[in-house]
Structures are given as structure tokens and as C-alpha cells.
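Encoded as C-alpha cells, the structure appears first; notes follow it.
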Amino acid sequence: MDAFTTHTGRAVPLRRSNVDTDQIIPAVWLKQVSRTGFENGLFSAWREDPAFVLNNPVYEGASILVSGPDFGTGSSREHAVWALQQYGFRVVISARFGDIFRNNSTKMGLLPVVLPDDVVERIQAAVEADPAAELTVDLVERQVRLGDLVSEFEIDDYTRWRLMEGLDDIGLTLRHADDIAKYENGRQQWLPTTV
Amino acid sequence: MGRTLAEKVWEKHVVRRAEGEPDVLYIDLHLIHEVTSPQAFDGLRLSGRTVRRPDLTIATEDHNVPTVLGPIADLVSRTQVETLRKNTAEFGIRLHPMGDAGQGVVHIIGPQFGLTQPGMTVVCGDSHTSTHGAFGALAFGIGTSEVEHVLATQTLPAYRPKTMAIEVAGELPVGVTAKDLILAIIAQIGTGGGQGYIVEYRGEAVRKLSMEGRMTVCNMSIEAGARAGMIAPDETTFEYLRGRPHAPTGTAWDEAVEYWKSLRTDDDAEFDKVVHIDASTLTPFVTWGTNPGQGAPIGSAVPSPEDFTDPVQRSAAERALEYMGLAAGTPLRDVEVDTVFVGSCTNGRIEDLRAAADILRGRTVVTRTLIVPGSMQVKKAAEEEGLHEVFKAAGAEWREAGCSMCLGMNPDTLQPGERSASTSNRNFEGRQGKGGRTHLVSPQVAAATAVTGRLTAPADL
């Protein structure tokens, strides 16, 4: 994945809660066997409504999505992360994320930023008032900055390091192949196999 | 201090622990299906890696397979299924393809084979993997990157979530099911209530549930935001497992049972959070909105957005009523539906089909009614009991096994504006087909609704 240190860009306010992954990318898009081509599936049902925020030309080219709480709930489909990235998003800000979505995001280098409800609301209001306003999401300092607004966010050190280095999780785990083999030798004998 | 069930299972699977890093957790069983695996296998090939433990991996075709006999008409779906066949053949993974006697919804076949056992770690690229927690396993859904990680290493790096106890006191009244219980729990704690937690369902009402009922409850843990839900194993669990194809036998069985009996939360263990619910006050429960937390007893009315003090919940309710085409104050029993779906990993097992058949026996449906067994084995069992004749005589459609209308990836979908009563797990906008409107219900309420064409409890008939 691409490394993430700091990102500055314009933001789209998505004033909805419980944006489940079925909305982010409806199931009909999940039949593909490749990892690309999901940008057109992003919010595809909602985008049919001309009034939907992503159809507003003032937000064209924005790279930060600022959503209501409980973003990415529901299905484990990583396609939701791929669709957001391929559409051009680098960051999603919300007061709460679905656990699996948040995990999937950090595997792919899409940064999920948790901020308090009132801060999310202030950012949404600010970019509604001035869609050209630029937001900086700084993973190094763990800060979101927009004009006078400076808000700290939490992310564990390990995930932050991995994102900043753009490291492949599998490669990191395989460095401990000996530990895995040792563990396997000690597993209970009755545990089932599929063969 | 004692440990919770979740902590015991977690600790047993730690391969490596280091300060400032997530634990590396061993995975005992990896379930695979056609939708979330193709990109993971591609990833393996790209980096020249292989599958570490094909013997701890099993695959089935479920999400986009048609539920009528014949080949897959949709070329894109067919390619996806063929890709799974190619990948499992290349990496030596056991596959139960369409038409095979072992095929079925991934979370139905694992327990059915006896592959899901107490104390195991189970993962799958599907959020309803929480189902397997009914056996006292630690089971959770993962994304495609993690599927690739498990294929390559048979482990996952993870931080241990916090623990939550959901204490269900009292007994479920007659006619109130495991589905009603979990819908009521989600309505109480909300779709985000379980985020960051492993839930353990406890208490008298939970102990009295059958294994299938326990699976229904654990299945929907994710709808409350919890990646995993667990129930401590007991005699009900052991009886369910005994004699299944992959269950231990002989002295290994005795050894296993002895270990399984230790898999319970110690009396002096502490949960990070405790939620109480009184089972004896529950009634059949249905959803009225577009997330699984928007539910109410069937005897109540569609709520008004003004009933919610929280502004986020209020605007979500407003939007949900608009999408669902419902007016506040309408009695839920007056809501008319076009389609009834009985099936899915939530309610597609034999007890669910028996419950639906008991209500449909000698009656006629007035809606399009799809009965989709969760696996070919469930289908066979139902046919041996003659349930399929009951369904057909009532005018319902008796289908092949698959996920079907739960997520509308195959041809079983709602048309825009159509309304369903569905035994599945998600009432999200467009979940069962673009513009479709979903009410989540138990198999009993689904069957009674098919008879009247309005949301109906069996007792109303």
C-alpha cells in the first residue's frame, strides 16, 4: 500500500449516520474478481439522486469524506475501501466506524479518523460554507487542521507506523514464521481439519 | 482475577505477543466463499506466496448462486464462481460447489460438518462469521486483505477487543424466538453499541436456546456493531456436536469435552461493560427502518422522528420512514408486504423451516414467498420430513440452498418499492434489491405474514 504521512485536500460533508457498506458499494458491484474498477460503484444508488452531495460540482476532486457517526457498519466487504480510494478519497472522518471497515481501511492505506461528534459537525459546517477550504490530516502529529480548528485524533502507534511506512502486514507476520510453526506443534490433537 | 470466556479463547491462540504491537493470533478454521476471496488469491500469486494450511480451510459457493436449478445465467457471477473453483483447485482447498450435497451458506455448513467447535478461532470474509460464536468459538468477519493474510500465515495480527456481557434474565414467553431476542437487543444497544467489543450472551433465556437459536443470536452480533458474539458451551453444545463428521471421537472426544467444560467465564471475572435485558417482557419483534437497530414490538406503531431526542437518531428515523414509505403512527400490523423470504445464515436452518412449516400447514400464502434452505443438507432434511410439500401446498416457492434474497446478489431480489418480511439480518437501503424495503422478522412472523399479507404474529392467525 501507499505510505500515508500527511494529506491536505478539500472535503465533502456527508450528513448521514449509519452509512453501511451496502450503501458505500451495493452488492451488485461485488461480482468482480479484480481489485480495480469500483469507483463507479461508490454510493451508486445515492448518486442517482441529483441532490446527493457527491453530485454537487463544488465538491469535485475532494479527497476527504466527513461523515455522520457509524460509518462503514455492516458487511465486511473490503470493496467499500477500494471504491472510496479509487474514487479519490484518502481519508474518512467520522465519530464512529464499523470495526471491520476500519480494519480494512488501515490494511489498504485509507485513513479512518475518529473525531468527536461536535468537531465532525464543525468541519461539515465549515466545508459547506466554503467548499474550497482545505483540510490537513496529519498522521505524524495525529492532528486534523482546518483554519483555526486543530483537533487531535487517536490511533495506536503500531497502525500509525505501518501506515506511515506503507508496510505489508503479511510480510511483517511472516518474519515470525518460527513462532507460528512452534505454536502449530503445540495445538490440541483433536482439533479438526477439513480434509 | 478470573477471566472471561473471550479472554480464555484469545489467550489460547496467541502465537506472539510483543509490547506495542498487536497480538499474532492463530486461526483454527478459515471459511472461504466466492465473493471476498478472488482478490486474496490474486495477492498470493502476485507475491509468490502459498496457502499455509489448506487443511484448515474450506470453501463453498453461496453468495451469488441461483436458487433454481441450472447454470448461472449471469456471466459475471459465473466467472466469480469459476474463479473460486480454479483457486481452490490450485491451492488444494476443499470446495463444496453448487449441486454438491455439502454445499450451502458458509455459516451453516461449518457447524453442520462439526468443523466449528468450542474454543476455536474461526474467520471468514463475511461479517456474519459471528454465528460460530454460538459454540463458544471466537469467530469474526474479516476483509479481503485479512483473508489473504490468513491464507498466507494462518494467523491475524489483532488487538483484543473489550468484553461485554449481555445478561438475558428470565424466560422467553411462548411464541417469542431467538430472532426476536436479538432484534430487541440491537434495538436496545444500537448499531454502534457493540463496536470494539466481543459480546458474551449469558443468562437463563440464552441457556435454554437450542444450538440453532444460539446461532441466530450470535449471527446478528455484527448488527449491534460487535465483531464477535459468544455463548459458553454446555451440554446442548456437546450434544449437537456428538457424531458430526469432524467432531472428535473416542478418547479424543472425552479429552475435548473436558477442555470445553473449562470454557466459561470465571465467577470473579469482570466485563468491561454489562447490559441487562429481561426476556420475559419480550414479544415478536419487527424492524420498521433501514438499520437493524430500528425495530419495535409487532404490537406497536411506526415511531415518529419526534420520539427520538438524539438529533442523529431523529434524522435517521426521518430518512428511514421516507425510504420505507411509512407514516409515523401506523400500527405495524397494518403494514402490507409483497414478498416473504425465509432463509439466510440467520434463519435458514432446519428448526427455522419447521417453524415456518408449522404455521403454513393447511394455509395459503397471499404474497410471493421464497423458502430457501441454508444448505443442501438442510434441504434434504426438510424434504425427508415433508416440509417442502407443506410449503408447496401453501403456494410458497421451495428453492435450492444459498444466500439468496438476504443480499440480492443472485436473481432473487425485490423490485423498487417492493416490501418484504425477511428472516435475514439486514434491512439496509437496497439490501434485497435497489429500492426494496425490508422488515426483519422471525421465521414464525414471516410465515404468518405470508398468510395475511400484513406483518402478523402467529398468535394473530
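For B:Glu318, only one of the following conditions fails: (1) outside any helix (DSSP H, G or I); (2) open to solvent by 10 Å² or more (accessible area, probe 1.4 Å). What is its number?
For B:Glu318, the failing item is (1).
Among the residues of the range B:387-419, which ones are of a type in the set (A, V, I, L, M) and open to solvent by 30 Å² or more (accessible area, probe 1.4 Å)?
B:Ala393
Of the residues in the range B:67-77, how many are more than 17 Å from B:Val378 (Cα to Cα) and either within 13 Å of chain A (Cβ to nearest Cβ) or crowded, with 21+ Cβ neighbours inside 10 Å (or both)?
6
Give the number of residues within the range B:257-289 that are in contact with a Gly (Cβ under 9 Å, 6 or more places away or on another chain), within 14 Å of chain A (Cβ to nearest Cβ) and not hydroxyl-bearing (Ser, Thr, Tyr).
3
Answer with yes or no whether B:Ala158 is within 19 Å of A:Tyr183 (Cβ to Cβ) and surrounded by fewer than 24 Cβ atoms within 10 Å (Cβ to Cβ).
Yes: the conditions hold for B:Ala158.
Please indicate, with yes or no, whether at least one residue in the range A:111-121 is closer than 30 Å to B:Phe113 by Cα, of a type outside the set (Gly, Ala, Ser), at pLDDT 95 or above and open to solvent by 20 Å² or more (accessible area, probe 1.4 Å).
No; the residues of the range A:111-121 include none that is closer than 30 Å to B:Phe113 by Cα, of a type outside the set (Gly, Ala, Ser), at pLDDT 95 or above and open to solvent by 20 Å² or more (accessible area, probe 1.4 Å).
Just need a number here: residues in the range B:308-338 that are closer than 23 Å to B:Thr283 by Cα and of a type in the set (S, T, N, Q).
1
Looking at the range B:44-58, can you tell me whether even one residue there is under 22 Å from B:Asp412 (Cβ atoms), assigned by TED's automatic domain parsing to the domain that holds B:Leu241, surrounded by 24 or more Cβ atoms within 10 Å (Cβ to Cβ) and modelled with pLDDT of 95 or more?
no
Within the range A:26-81, track down each residue that is surrounded by fewer than 24 Cβ atoms within 10 Å (Cβ to Cβ) and of a type in the set (Val, Ile, Thr).
A:Val28, A:Val33, A:Thr36, A:Val53, A:Val58
Taking B:Arg319 as meeting all but one of (1) over 16 Å from B:Ala447 (Cα atoms); (2) of a type in the set (D, E, K, R); (3) away from chain A (no Cβ under 14 Å), write down the number of the exception.
Here B:Arg319 meets the rest and fails (3).
Which of the residues spanning the range B:187-209 are open to solvent by less than 30 Å² (accessible area, probe 1.4 Å), of a type in the set (A, V, I, L, M, F, W, C) and within 14 Å of another protein chain (Cβ to nearest Cβ)?
B:Ile198, B:Val199
The values are calculated or read from the model by the stated rules, or taken from the named source; none is laboratory data. Since we're looking at a predicted model, the values are computed, not measured. Virtual Cβ from ideal backbone geometry, glycine too; neighbours counted across all protein chains shown. The protein model used for the area step is the full one, side chains on, heavy atoms only, and it has no ligands, DNA or RNA in it. Shrake-Rupley method; radii C 1.70, N 1.55, O 1.52, S 1.80 Å.
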